[in-house]
Amino acid sequence: MKVRNKYDYLIVGAGPFGSAFARTVTDAGKTCLVIDKRHHVAGNAYTKRISGIDVHMYGAHIFHTDSERIWRFVNEFSQWRPFKNNPKAIVGGRVFSFPINLMTLHQLWGVTTPAEAQMRLRQEQVPIKEPRNAEEWLLSQVGKDIYELFFYGYTKKQWQKDPKELPASIVRRLPFRLTYDDSYFHAKYQAVPARGYTVLFEQMLSGIPADLGVNFFDISQTWRRFARTLVFTGPIDRFFGYSRGRLEYRSLRFEFETHRGDFQGHAVFNYPDESIPYLRSVEHKHFLPSDPKHFDTSDGMEETVVSYDYPLSDLDDVNCEDPQYPIRDERNTRVYREYAELAKRDPDVLFGGRLGEYQYYDIDQAIGSAISKARRHMDRCI
């Protein structure tokens, strides 16, 4: 890595947070250099063109936000196609509407109205006044049958922990409706970039110097030669040499297959059964269902790409290779707070993103956080 001039910011990570931070400070007249250990931009939102399809290489990413500011910001760098995420769940060989909504309850119990569903739910719910963990919260909301059918196995697979060991906050974010609305998100804007996320973030970083394939920890002792301020989006515990202990993360590995025709007829299927090793199957061409070239079934020979999301259970591998999901239970929250206190000691180092802030950020949240942090830091430096 050759650096001739000293930058205002060295930004570690070309994902949503790092890219949005870089764009914000650059547009304000500051200089920055972006580095990333991967050989591509966009972080875990990275898409790769395969058989003419923008394949989400690190799992399905559907952009959603209620923020006019964030929506205007991302529209500067890409055209967007509306997409409503309404995954289906396959349980015991049956396909169910998901997330849980009135259709799901009709499929299970035969109820047809919100009043009928509410009455049945009252019979099913386990009376727990103060749920202490994910299992107790779910039992108090949906009862034993729905919990065991849709949530127990899936949660245990994804987090590699019994739901009794997880905080209720992990499952509180899941939608549950007594209407026939099967949208996973209720945000005002729901879409995918028309040319994929990689192009979106390449445009966001247009004109900004970026060195890819550079591991920050190879230059961690000398970064102040390159920049006045460091913006770090990697794991905060690794930055501090795990001096307060390791934070726990979970991650996924992905297997890809190419088939002919329309393989599963829908973008995303969830698999709550614990006996099935993967969490989801994703057929990527369904993210742009309006693109006719992917759905010309006249001869059934057009290619389609399907991926499977497998949970990773080896914690050491996850921490060292590709952590994705922070586990904000009591122990990890306590450890993170110790690192957050350490971070306050050096005003020239900022932390951001899922790993830097140990927060379960969606793309819009990471971008919003980056814009706000960048503006606050520049205001303080005036």
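The values are calculated or read from the model by the stated rules, or taken from the named source; none is laboratory data. From a predicted model like this one, the values you see are computed outputs, not experimental measurements. Please note: Cβ atoms are built from the backbone with ideal geometry, for glycine as well, and neighbour counts cover all protein chains shown. Protein only, heavy atoms only, side chains kept; ligands, DNA and RNA dropped before computing areas. Shrake-Rupley method; radii C 1.70, N 1.55, O 1.52, S 1.80 Å.
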Worksheet item: So what's the angle, to the nearest 10 degrees on a 0 to 90 scale, between helix 114-124 and the longest Cα principal axis of the chain?
Response: 90 degrees
Discussion item. Using protein chains only and a probe of 1.4 angstrom, how many square angstrom of residue 30 are accessible, to the nearest 10?
Written reply: 80 Å²
Practice prompt. Kindly provide log₁₀ I(q)/I(0) values, in the same order as q = 0.18, 0.19, 0.24 Å⁻¹, from the Debye equation applied to equal alpha-carbon scatterers of region 179-271.
Written response: -1.20, -1.22, -1.35
Discussion item. Using protein chains only and a probe of 1.4 angstrom, how many square angstrom of residue 146 are accessible, to the nearest 10?
Written reply: 0 Å²
Discussion item. Rounded to two decimal places and with Rh computed the Kirkwood way over Cα pairs, what is Rg over Rh for region 124-186?
Written reply: 0.96
Discussion item. Taking R0 as 35 Å, what FRET efficiency do you get between residue 88 and residue 129 from their Cβ-Cβ distance, rounded to the nearest 0.05?
Written reply: 0.55
Practice prompt. Return the Cα extents of region 116-229 along principal axes one, two and three, sorted largest first, each rounded to a whole Å.
Written response: 64, 36, 24
Discussion item. Shape verdict for region 215-261, please, from the Cα gyration tensor: rounded (a/c under 1.5), prolate (a/b greater than b/c) or oblate.
Written reply: oblate
Discussion item. Once you place label points 7 Å from the Cα toward the Cβ at residue 6 and residue 344, how far apart are they in nm?
Written reply: 2.8 nm
Worksheet item: Based only on Cα atoms, what Rg/Rh ratio does region 34-191 have, Rh being taken as Kirkwood's radius?
Response: 1.03
Worksheet item: Could you work out the helix-only [θ] at 222 nm for the chain, with each DSSP H run of four or more residues adding -39,500 (n - 2.57) and the total divided by the number of residues, to the nearest 500 deg cm²/dmol?
Response: -8500 deg cm²/dmol
Worksheet entry | Centre separation in Å (Cα based) which lies between region 151-221 and region 1-50 | 19 Å
Worksheet item: How many Å² of accessible area per residue for region 1-119, probe 1.4 Å?
Response: 44 Å²
Worksheet, complete the sentence: Tilt, helix 134-146 to longest principal axis of the chain (alpha-carbon atoms), in degrees rounded to tens, equals 30 degrees
Fill in: Cα-based helix-to-principal-axis angle, 363-381 vs the chain, degrees rounded to 10
30 degrees
Item to complete: Take the Cα coordinates of the chain, assign each an equal point scatterer, and use the Debye formula without solvent to give log10 I(q)/I(0) at q = 0.07, 0.09, 0.13 Å⁻¹.
Response: -0.35, -0.58, -1.16
Practice prompt. Take the solvent-accessible surface of the protein heavy atoms, probe 1.4 Å, and return the percent of it on the chain that carbon and sulfur atoms account for.
Written response: 47 percent
